[in-house]
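Data first, discussion second: the structure below is written as structure tokens.
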Amino acid sequence: MALIPVIAVLVLLQRPAEGHLLSVIVESVRKGSITVIADVAPSQSDYSIYKKNESVAALHILSVVRITQSGKTRYRCEASIDGEVPLGAGESLTLSSEPKPAPPAYRDSFGRDAEHYLPQITSKDNRVMVLVPKGTAIVGTKRKGSDAYPEHYVELDTFYIDCYEVSNRDYLVFVKEARGNVPVSWENGEFPQKMAEYPVIVTYTEAEHYAKWAGKRLPTEFEWEKAANGLITPVRIITEMGIEHKPVKTLYPWGDDMNFAGTNSQEFWQKRTSYGTSTRGLLPVTEFSTQNRSAYGAVNMSGNAAEWTSSWYAPYEGNRTPNRRFGEQVKCIRGGSFAQPVSEQTTFSRAYGGLPSLSKDSAAGFRCVKIPDPADMDTQAREAMP
């Protein structure tokens, strides 16, 4: 069917409480699809076609192209149609839709959890934890061939995460109170007094035992990645489909710049052999508390000690890169260590540990998470509970 030039002026009426009305003119019709012209870019993807004030079919916009027609800017919309309805080129239609719901991306800024729960608590093991409200986490990278490919969204519930990595001193309390075994990494089984405030390096099994004693658990790699992000507030983006709120992902807990001076990394030690009383290697868990802090308040999630997560080192859906370590055999480690370059300490960088076994490989440090309970609520929210 030949395309018919359109010269009519079309108007978009926005009625937030009742839905969005869009007047269009049919340009061409094909089986199951249609092309329409509008003066204003549609604000949503899904509409209902109305004829004589009655909904006769559902329309889903597939693409929008800005064109110039009769000296004016208009929008050519390709769409699919769900329903049998006779339409002809040149026919005027009214499209209607419900108001577009706010996307779930980073609901943190608007979610009620951030209002109800305390932003910071002290847990059973006398360690500070910071709140990460429920919302959407952007996980992975767009770089093909990476073990963290592809980038995707994961919905997470509210959780608290340790502000700092578990130190040798913290672990000593567990050994004494729980009569647990000393970690494999302590030389001759003796507490390293000079390294008391440094991250404890443990096996996965040792990290799990500590977490259980503390009434917590190890984070999933998705929880870890969200807590490591450097930005919470979504960004407003104007598109031809209207305004969208997109979550933002940063490369590092402090942002996107490679902040060598503020992270314990390979680059940090290139021109120095000591730092304060420390020689090349791990630094106290509170070091770089300002420079290397995520948007949620977690410190040193990039560099220093790499950290265990509870997730298996498995491929993300859509990743078909061969990797003999993928599967349920080794656990995912995050954050990178002091011995690695900053490029391997990104929020999405993945490594693994657990060879020859999860109880013998002292591959990383760790921090714990816990799900909030009524004791973590502010007084007003707790009193309002039924």
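In terms of its alpha-carbon gyration tensor, the stretch 117-215 comes out oblate; a/c meets the 1.5 threshold, while b/c is at least as large as a/b.
Annotation note: GluC sites (Glu not before Pro) in the stretch 170-229 located in DSSP loop regions with a Cβ neighbour count of at most 11 within 10 Å are Glu190.
Per-residue extension of 0.36 nm, minus the Cα-Cα distance of Arg272 and Val56, leaves a gain of 70.4 nm for this segment.
For Lys144, the lysines whose Cα comes closer than 24 Å to its Cα, not counting residues fewer than 8 places off in the same chain, are Lys226, Lys246, Lys249, Lys331. In the stretch 107-374, Cα pairs under 8 Å separated by at least six residues give a relative contact order of 24 percent.
At what distance in angstrom do the alpha carbon centres of the stretch 145-180 and the stretch 31-102 lie from each other? What the calculation gives is 49 Å, centre to centre. On the basis of the beta-carbon distance and an R0 of 41 Å, Glu91 and Ser343 show a calculated FRET efficiency of 0.10.
Rounded, prolate or oblate: which one fits the stretch 268-386, using the alpha carbon gyration tensor with axes a ≥ b ≥ c (rounded when a/c is under 1.5, else prolate when a/b beats b/c, else oblate)?
oblate
Sort the stretch 12-97 into rounded, prolate or oblate with this rule: let a ≥ b ≥ c be the square roots of the eigenvalues of the Cα gyration tensor; rounded if a/c is under 1.5, and if a/c is not under 1.5, prolate when a/b is larger than b/c, oblate otherwise. Oblate.
Bear in mind these aren't lab numbers, they're just calculated from the coordinates by the rules spelled out. Worth saying up front: this structure is predicted, and the values here are computed from it rather than measured. Using ideal geometry, Cβ is built from the backbone for each residue, glycine included, and neighbour counts are taken over all protein chains shown.
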